[in-house]
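Have a look at the structure below before the remarks.
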Amino acid sequence: YSNTPHTLFTLLILSSHTPHTPYTPQTLLPCSSNSMLGLTGTKLGCSEGGCGACTVMMSKFDPHSNRIIHQAINACLAPLCSLHHCAITTVEGIGSVGSKLHPVQERIAKAHGSQCGFCTPGLVMSMYTLLRKRPQPSMQDIEDAFQGIAKARIIYYIIYSYIKYNSQNVYCSDSVQPLFDPEEFLPLDPTQDIIFPPELMTLSKEPVVSLRFRGERVLWVQPSSLTELLELKAAYPEARLVVGNTEVGIEMKFKNQLYPVILSPTNVQELRNIQFTENGMECGAAVTLAELGEVLREEVEKLPNYRTEIFQAVLEQLRWFAGRQIRNVAAVGGNIMTASPISDLNPVFMAAGCKLTLVSKEGKRVVKMDEKFFTGYRKTILRSEEILLSIEIPYTKKYFSAFKQSPRREDDIATVTCGMNVVFGEGSNTVQDIKLSYGGMAPVTLLATDTCRQLIGRQWGEDLMEDACSLLAEEMSLSPSAPGGMVAYRRTLTISLFFKFFLTVQRKLAQENLSEGVRSDYESATELFHQDPPTGAQIYQAVPPGQSADDVVGRPMMHLSALKQATGEAVYCDDIPHYENELYLALVTSTKAHAHIISIETAEAMAVPGVVAFISAKDIPGSNKTGPVVSDETVFADNKVTCVGHIIGAVVADTQAHAQRAAKAVKISYEELQPVIVSIQVGSHSLFSTRLPPAVIHDLDWILGEIHIGGQEHFYLETNCALAVPRGEDGEMELLVSTQAATKTQVIRLSLGVPASHVVCRVKRMGGGFGGKESRSTILSTAVAVAANNVGFARSYALGRDTDLYLEQFTIDRCWDECITISDFSQRRARVELYNKQHRWTKRGLSIIPTKFGISFTVSHTAGQAGALVHIYTDGSVLITHGGTEMGQGLHTKMIQIASRTLEIPTSKIHISETSTNTVPNTSPTAASASSDLNGMAIYNACQTLLQRLKPYKTSKPKGNWEDWVSAYFDRVNLSANGFYSFETNSGRPFNYFTYGVTASEVEIDCLTGSHKNLHTSIVMDVGKSLNPALDIGQVEGAFMQGVGLFTLEELRYSPQGYLYTRGPGMYKIPAFGDIPTQLKVSLLRDAPNERAIFSSKAVGEPPLFLAASIFYAIKDAISAARAESGLSGPFRLDSPATPERIRNACQDKFTKLCPPPEAGTYTPWDMRV
């Protein structure tokens, strides 16, 4: 819709022209591409720009530079109305399985870089966009492109290895037998890329006109001139200016904010200008962070170093500012005007004394960005009718630094961030002026004015440093209950970061003969973070000579869905084509942890357009009690809630947006109850009582202490999803669910009051599981089924984001010996000790850890068994169904390999469609790493039954082929068979067998900030005779990286009232690409057959996760070296995860002594660690 009759809103998605789009200002790109074009390749993982699964390429013609610009963006934050004259390329647009793959898609699939595949389209489009800009990217380019992609379990190094084309100075992967042949890959041919639509180029050259979009609640205006923008701001003083939607979009979705008028100034040239003056660079407020970085980088390369230190500081902050997709759209002015107290850039701008030009309809004024600019939390001195026009970033006089410390280095919000600037008298080291600006220490960006005032006139030396640290400790105080927590750590960081600045300046002064030099063992404290290019190796046992080429067991076979995942054609639950009259469901959940429900008011919710019904406990036709094993939970809370997030009811509406809007409008009154239990300490001091026999106690050496190990979120990118379809007869219900436990999902029968035979659960694939979709998915699917039963179709998606035994071969000693060898452990230990002698403020640590993991379902009466159904069709094709579910681990691929070997036919003749309860009933959950063992043997048994039936035909026609033999059907031979397998009773012997592994890891910690680098990891894993080395190595690498998250990054942080703060990628950080060990070696133990599982293999999946404890203990080893510098020795407590906060606090020194932690019990903490 346009405010000028002759102007069309024009957007090209692939080659589909969509003028006059009927969508509203709140319609985001993924919603439109799915419903409008049926393009489901772009996945929604978080809806806040934090995971990258929704990455697409946005292309537009810039008439001012006369060039086409390609950018990777987060579709989940891109309003459709912001894409006027843009071309959007999704993963479907660059290649498909049925036509031709793009080389990026081919490489990521054939190099085993796709597991669950849910984020694979995002990876593909990030790399594709990079190659459109730089056909020969460097390793740094690749790392930068992948910063915005959140990955929990993936074959990291293989992605790095062969997705890169002819990149310069990049990682190479070695293996005894290659996992794939890169010579088979299609070459990159840029001439075959999609061209920018000529129509858009023509339209982009026409005069700019304003656009206006009006929705049910929001007016979006894109003015064409500064004058029009200022007129609009005067008319709508409370209107928000939006460029990238990276802040407002999140506020509207997750904070229930509503902005009735949004002004998009992207076409106002005055806000897009960048120009240089004699004082520095003047940058328009609507310039994106990516554009700012490119211009600054060019200036740094041209100008003398001493003039560009502020520019370099901005670049260093941008290096870690969100992901590439965010930087491509987020504006400089938005970062300033958001007024976030943890802004990465505002402390830099404040310390640099940047000038801001403000403008309104009444005129223009210039203000300095100083301690008066921010007037309160998220508030500035701007008047309501004013806008920020530009910022002037000055050249420097030599001494300027910026620092950011965050829980995760890449794509993370700051814990503390700062900009530091000092000016000396001519030819001296006497401080003439100094500015120390901090973020994360107050509701606003702060200048340490008292400290700075007392340092002026002082000489830059040890005495100044000591006094400055004491002054900062006093001035940078925090309430023990301050939002964000980590009070002692944050206070210590203000001092530690100043110390880094002090050393950096001292080193520069020494180069000018104005100061003593920095001690050699202190030098590392002045270095900016850098990481060497990654290297690694994958080692596995080749198949024996003479094994048939058709026998793929033991070969590194590609995941069967990998190509479809790389092209976006793999179908997940939310990709299923919509049913006619399909409705959508949104949950209404408790905001209290422990309370009685007094009343539920739904009138406002029911008045929302498109709302059909509100469903609660009273609407359940059967029982409100449910549970995957024991019915000890409620489907909907009935009078009482027992946790924040407890489902109270659900709204059903015609669209997801209407359902979510209405759900937020439901008003619930509570009577809060005590206690609110969020930790073991609060709940009970004697939940666990362990008593050892006196003889054992007498014989042991005791070290008494306490360690807490934090929990870990099931962070699959595809959140729980369910589609319920009432069949209209006899209460039948069909469920399409993203679940690991199809049979457990049939628990909905209790709520519907029907037998299990009336409920069919189907699972195509999942976008990750990790156990969270084994039992918790049943709560959602039951709620959806109840709603569907009452009103028709209902869908819910994207929960917003929460003695035989001892005869087996014992191989841990062999794993240990090989790990010692391939990690070069003894020499590495010597190098670590030498490094630690030479460096005071960075330390290295080394650890080697074994693991022994039992394979079994210990609940023997319900699990530890599997069924399979194998059909042979008259054309020779084979269809297999089994009880396991595919969540990216390659289970279906392995099952086809097993059937291929057993039937002695190529894998191309075998197909697995889905898992369903009406083909294989009473299935065990896909869990406990036992699914290959159980389902593989069930398939083997079914295939053996079929081979026995075909044996007479094979005997009579020994030179015949498979198609000849299956003609047995015409003799009335049944070519369908089911198979069954179960573990032996585990009475007195809980595990079927054990999986073993050993890992050695080396790390480096920054003793001043608590950050760490994973330098080296060598893993040796006993997986028996691997069914598929590529999949097994991927599982080892993925589980290890998930363990890295468990032991170093991922924290569940609750408020004392039971509210979970860490509910999405904004605050809950899983490992990123930069967390991969710089050198990673994975070796599958050779000549280690396991006679207790299918084809002598062993389970893999969960067993390698604990091996990441080697990173944790290597960190602790490094901390021990740091503590020794302060005269501390002996045991010390380090809780898991070993976050930067815990590492820094454990590295006790003179700086931590200045900031002691508040005394427990004297305050209410902001958060509780669980």
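Quick notes
- Restricting the stretch 484-507 to residues that are surrounded by 20 or more Cβ atoms within 10 Å (Cβ to Cβ) and charged (D, E, K, R), the residue that is farthest from Pro1157 (Cα to Cα): Lys500
- Members of the stretch 1058-1080 that are of a type in the set (A, V, I, L, M), open to solvent by 20 Å² or more (accessible area, probe 1.4 Å) and within 28 Å of Thr1017 (Cβ to Cβ): Met1067
- Checking each residue in the stretch 746-781 for being part of a helix (DSSP H, G or I), more than 22 Å from Glu713 (Cβ to Cβ) and not hydrophobic (A, V, I, L, M, F, W, C) picks out Arg749, Ser751, Ser757, His758.
- Scanning the stretch 846-867 for residues that are out of contact with any Phe, Trp or Tyr (no Cβ under 8 Å at 6 or more places or on another chain) and either hydrophobic (A, V, I, L, M, F, W, C) or surrounded by 24 or more Cβ atoms within 10 Å (Cβ to Cβ) (or both) yields one hit, Val859.
- Every condition in (1) assigned to a loop (DSSP other than H, G, I, E, B); (2) aliphatic (A, V, I, L, M); (3) closer than 24 Å to Ser929 by Cβ; (4) modelled with pLDDT of 95 or more holds for Ile898 except the one numbered (1).
- In summary, strands (runs of 3 or more DSSP E) completely within the stretch 370-473 and bearing 2 or more residues that are at pLDDT 95 or above, crowded, with 16+ Cβ neighbours inside 10 Å and of a type in the set (Phe, Trp, Tyr) occur at 400-405.
- Of the candidates Thr902, Thr874, the single residue that is farther than 21 Å from Ala570 by Cβ, open to solvent by 50 Å² or more (accessible area, probe 1.4 Å) and hydroxyl-bearing (Ser, Thr, Tyr) is Thr874.
- Looking only at residues of the stretch 90-121 that are open to solvent by 10 Å² or more (accessible area, probe 1.4 Å) and among the hydroxyl-bearing types (Ser, Thr, Tyr), we find that the one that is farthest from Gln1042 (Cα to Cα) is Ser99.
- Given (1) at pLDDT 95 or above; (2) in a loop (DSSP other than H, G, I, E, B); (3) closer than 30 Å to Phe118 by Cα, index of the condition Glu582 fails: (1)
- Of all residues in the stretch 226-282, those satisfying the criterion of being among the aliphatic types (A, V, I, L, M), under 20 Å from Asn328 (Cα atoms) and assigned to a loop (DSSP other than H, G, I, E, B) are Val242, Val243, Val268.
- Residue in the stretch 255-263 that is open to solvent by 30 Å² or more (accessible area, probe 1.4 Å) and within 23 Å of the chain's Cα centre (by Cα) present: yes
- Tally, over the stretch 1108-1162, of residues that are part of a loop (DSSP other than H, G, I, E, B), closer than 14 Å to Thr492 by Cβ and open to solvent by 70 Å² or more (accessible area, probe 1.4 Å): 3
- Selection count where residues are closer than 25 Å to Thr739 by Cβ and either open to solvent by less than 20 Å² (accessible area, probe 1.4 Å) or under 22 Å from the mean Cα position of the chain (by Cα) (or both), scope the stretch 584-603: 4
- Listed by first and then second residue, the pairs with beta-carbon distance under 8 Å, at least 6 apart or on different chains, first residue in the stretch 128-154 and surrounded by fewer than 19 Cβ atoms within 10 Å (Cβ to Cβ), second basic (Lys, Arg) and modelled with pLDDT under 85, are Met139/Lys164.
- Across the stretch 202-236, the number of residues qualifying as modelled with pLDDT of 95 or more, open to solvent by 10 Å² or more (accessible area, probe 1.4 Å) and either touching a Lys or Arg at 6+ places or on another chain (Cβ under 8 Å) or charged (D, E, K, R) (or both) comes to 5.
- The single condition from (1) under 26 Å from the mean Cα position of the chain (by Cα); (2) over 29 Å from Asn1028 (Cα atoms); (3) not aromatic (Phe, Trp, Tyr) that Ile69 fails is (1).
- Close pairs (6 angstrom Cβ cut-off, 6 or more residues apart or separate chains): closer than 16 Å to Glu1004 by Cβ and among the aromatic types (Phe, Trp, Tyr) in the stretch 1109-1129, open to solvent by less than 10 Å² (accessible area, probe 1.4 Å) and modelled with pLDDT under 95 anywhere: none
- Residue count for the stretch 633-651 satisfying the condition of being more than 14 Å from Leu780 (Cα to Cα) and either open to solvent by less than 10 Å² (accessible area, probe 1.4 Å) or over 32 Å from the mean Cα position of the chain (by Cα) (or both): 4.
- Residue pairs whose Cβ atoms lie under 6 Å apart, separated by 6 or more positions or on different chains, with the first residue in the stretch 718-730 and closer than 18 Å to Val763 by Cα and the second part of a loop (DSSP other than H, G, I, E, B) and modelled with pLDDT under 90, are Thr719/Ala798; Thr719/Leu799; Asn720/Leu799; Cys721/Tyr797.
- Residue list for the stretch 845-887, restricted to those being under 30 Å from Ser1110 (Cα atoms) and hydroxyl-bearing (Ser, Thr, Tyr): Ser847, Thr851, Ser856, Thr858
For (1) open to solvent by 20 Å² or more (accessible area, probe 1.4 Å); (2) under 25 Å from His64 (Cα atoms), each residue gets a yes or a no:
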site	(1), (2)
Gln269	yes, yes
Asn273	yes, yes
Glu278	yes, yes
Val300	yes, yes
Glu309	no, no
Phe321	yes, no
Ala331	no, yes
Val348	no, no
Cys354	no, no
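- If the condition is being part of a loop (DSSP other than H, G, I, E, B) and either open to solvent by 10 Å² or more (accessible area, probe 1.4 Å) or among the aromatic types (Phe, Trp, Tyr) (or both), then the stretch 997-1036 contributes Ser1011, Lys1025, Ser1026.
- On the stretch given as the stretch 750-789, residues that are within 30 Å of Glu569 (Cα to Cα), open to solvent by 10 Å² or more (accessible area, probe 1.4 Å) and not aliphatic (A, V, I, L, M) total 8.
- A single member of Val973, Val966 is in a loop (DSSP other than H, G, I, E, B), over 30 Å from Lys1098 (Cα atoms) and of a type in the set (A, V, I, L, M, F, W, C), and it is Val973.
- Sole residue being of a type in the set (Phe, Trp, Tyr) and open to solvent by 40 Å² or more (accessible area, probe 1.4 Å), chosen from Tyr540, Tyr572, Tyr579: Tyr579
- Lone qualifier among Arg749, Arg762 - being basic (Lys, Arg) and in contact with a Pro (Cβ under 9 Å, 6 or more places away or on another chain): Arg749
The values are calculated or read from the model by the stated rules, or taken from the named source; none is laboratory data. Source: prediction; values computed, not measured. Cβ coordinates were reconstructed from backbone atoms using ideal geometry, including for glycine residues, and neighbour counts include every protein chain displayed. SASA here: full protein model, heavy atoms, side chains in, ligands and nucleic acids out. Shrake-Rupley method; radii C 1.70, N 1.55, O 1.52, S 1.80 Å.
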